[in-house]
Each structure stands twice: as structure tokens, then as C-alpha cells.
1. Pop out the Kirkwood hydrodynamic radius of chain A from its pairwise C-alpha distances, inverse of mean 1/r, in Å to one decimal.
2. To the nearest 10 degrees, how steep is helix A:149-161 against the longest Cα principal axis of chain A, on a 0 to 90 scale?
3. What percent does the relative contact order of region A:2-66 come to when contacts are Cα pairs within less than 8 Å and at least six residues apart?
4. Quick one: work out Rg over Rh on the C-alpha atoms of region A:115-264, Rh as Kirkwood radius.
5. Which whole-number percent is the relative contact order of chain A (Cα, under 8 Å, 6+ apart)?
6. How large is the direction-averaged shadow of the alpha-carbon convex hull of region A:1-147, in nm²?
7. Report, in whole Å, the centroid distance computed from the Cα atoms of region A:37-98 and region B:67-139.
8. Excluding same-chain residues fewer than 8 positions from A:K56, which lysines have a Cα within less than 22 Å of its Cα?
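Bear in mind that the values in this text are calculations on the coordinates, not laboratory data. Only a predicted model underlies this, so the values are computations on that prediction, with no experimental measurement involved. Cβ: placed from backbone, ideal geometry, glycine included. Neighbour counts: every protein chain shown.
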Amino acid sequence: MATMFVDVESLNLRKSPSEAAGTKIGSLFLTQKVEMLGEEPGGWARVRAAVDGSQKEGFVAGRFLRAPETPNREALVASVGREYMRFDRGLGRESVRPFAGFVGEMWKAIGNDNLDGTDTGVPWSAAAISFMVRNAGPAYANFRFAAAHSKFVHHAIQAREEEDTTVPFWGYRLNEMRPRIGDIVVRDNPEHGPNVDFDIAARLDSYRSHSDIVVRIDSAKQRLLAIGGNVGQSVSVAVYDLAAGDFLDDTRHTFALLRNRTDD
Amino acid sequence: MAGVAVRRRGGVPAALLWCASVALGCAPEATPPAAAVSGAGGGVAGAAPAVAAPVAVDRATCASEAVLLTRAVPVLSAPAPGADTVRSLPRGAPVFLCAGRGGHRGVMFPAPGRRADCGQRGACPTGWLREPLPIELAG
């Protein structure tokens, strides 16, 4: 019985291998784990998965499932998936309870007891990334947990230059490494000038930016999906363009890839 | 402000000076704490320290997003060495940076127990911090 993961934002679970009306028995969501019970004709897969808190067996279109990545990468994606679901897949707004309280947990996890999550004037996206990475397990203990993306981005670039193998991420230019599930993609925040690029990020650790954790690579559509905090005032999915060869494109002011090296 | 102990300097209640300086949105919680400390440059013991008149922060210049303090700091009523301390902000507290003057930076900050949405409401207490600021970005 193999483990697989949902590789699309929403996937119907059906009681029979058919798209006929009345066969849907539940919905599965991006990053969700399923147990593969068998393959059926027509590309259907028989699976067991959690639906609304209970285990159900049924059928899904097999092309929307993916094979597992390495264990620590999957641990990070599972952590990201928990937050994504906790924020109602991007529908839970930051300033509304209980979601504000979840943001408050993120602040406390990086040592800030002065913010409770109702602080809409304080960007919390880096606190969210730090929270999700921390909850991915001990392999990520040496992450530079911080209130600003610039801190852990700079740390990852420096770690690579110094060949520090104790840290979970190394920073790369977009044309140096193809993104994989479990990596972190970094972009500038153009609302706050001056513009930041990889060279600036290598030298400085205090500037406005943003990052998200990669959860899906869609080569056919030349894009990837990544989940981050304070995206649409929630924990939500962001889309990044891929360039030729499935490298990250620099559209959206993307300038770095933090490669997950926890399973190297 | 009943019940709030006010440190007097030169016979003028510091709280009144503070509120006069922030007439736009001066909330009760913006009054000085009971144990307000002297401003910098307090002078020799027994000598009357120079009193800096409160100066209002120009709220129109304040940023819409906050930064975080990396250590506790006193908030002053004016951008001057002899200014009263009107509050102490703890490490990690959010502040919205405003225009500076004379080696100080104007700031707006949420009152205790209030949401840090000063960028939207604009009715938060204000004051002055000495440069360089012990701050870090968020986001």
C-alpha cells in the first residue's frame, strides 16, 4: 500500500471510478496524503484518505496524485498543508478569529509575545514561514527563524558560501537550481524600494521581501504552486512562473531559491 | 486620567504636556506611566533639569506597516535630550516610523491591549525615539 499525495488544489473522491453525477463522496486537497489501494482502468486510483476527519475509501483521477518526495521534504510539506487547511485553504482572514489567533501563535513561536495576531499593521509572512518550517521537525532546527524573510534568506546564501552543512537550506540564483517540492522561493517586495536582487540579499539581511514554500511543480503549465503566509491575508497558494528547463522565472520579482538540503 | 500618578517637572504635569502634544487622537492610555523615568540629560542631582516642550509627531508622515523593536526603549515627548519619557515600549513591540528630527525619530505605536492597526486607524499614541533605532523589519 503506497503513500501518494494530492497534486491539485481540489480533487473529488468518488464512490465508483466514474465522473457520473452522484458519485462524489468527498473532496481532497493540495498536499493531502492518500493511501493507494490499487489502480483501475481509465486512469482511476482506488485510495483511502481523510475526509472531514474520518477515513474514507473511494476513487480519484490518478493523474492528480504524485509520488512522495524525500522524507524531510514531505515533513515540511505536511506542516505547510496543516496551516493551509487551518486557514481554510486561503479563505480564513488574518484579522478574524480563530485565524488571528493562529497568527498570534506564529509570533510567539519566534519569541514575540507583544503581537497576538490582530496586529494587521505588522507583516507576518516571515513568521508564518518560520512557523511552518519549525513544525516540520528536528531536521529544520538550524533554520534562521525570524520576523523577516531577509534574515533566513541571507543566512541560507551565507551558509552555502561557507559550505555550512548544518543548515537546512542553501540559497541559489534562479538559474543554478531547479525548484523542487519542499524548497523555498524568494521574491522582492516591490512596494518597498529599492529593488532587491540576489547580490543584495547575499550582502544584507534587512530588507522587505517575501517567500513561499513550494508544494507543486506543474511543468506542463510552466508554473509552480507555493504556499505562504500573509498571502491574500491568509495562508494561501501563490503561483510562480517557470522558465525554460523548469528553472524559476524572474517574473514576480523572484530572485532566489532556497534549496532544501535536509535529505542530502 | 483620574487615578493616574503624574510625574511633575517644573510644576507642569507631564501628562498634560503629552496630551497637548498629541491633541489629534491623544488617548487616555497615552498618559505617562506612574513610574515615568527622567529623560536623558537629566543633569546633576538637585539641579532643575531642562524641560523640553512636547512636540507633536506628524502622523501624515507615518508608515503604514510597523517594524519591531529589538530591545525596550523609552518613548519621549519631544525630539530633545530633556524630554519627558511618556512610556517604555518592550522588546518586540511594533512601531510605525514617522518623520524624524534632531537625532530622533517620530513613532506611532498601539496602546497596550489595542490592535496594531495604526496604519489604518491613525489614532494611536505617538512619541519620539532616539536614533539609532533598535528595530528589525517584519515581513
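1. On the way: mean 1/r = 0.0524 Å⁻¹.
One decimal place: 19.1 Å for the Kirkwood radius.
2. Approximately 80 degrees, to the nearest 10.
3. Numbers: 142 pairs, mean separation 24.2, N = 65.
Averaging sequence separation for qualifying contacts and normalising by length gives 37 percent for region A:2-66.
4. 0.94
5. Relative contact order of chain A: 17 percent.
6. 10.0 nm²
7. 44 Å
8. Leaving aside lysines fewer than 8 places away in the same chain, those within reach of A:K56 are A:K15, A:K24, A:K33.
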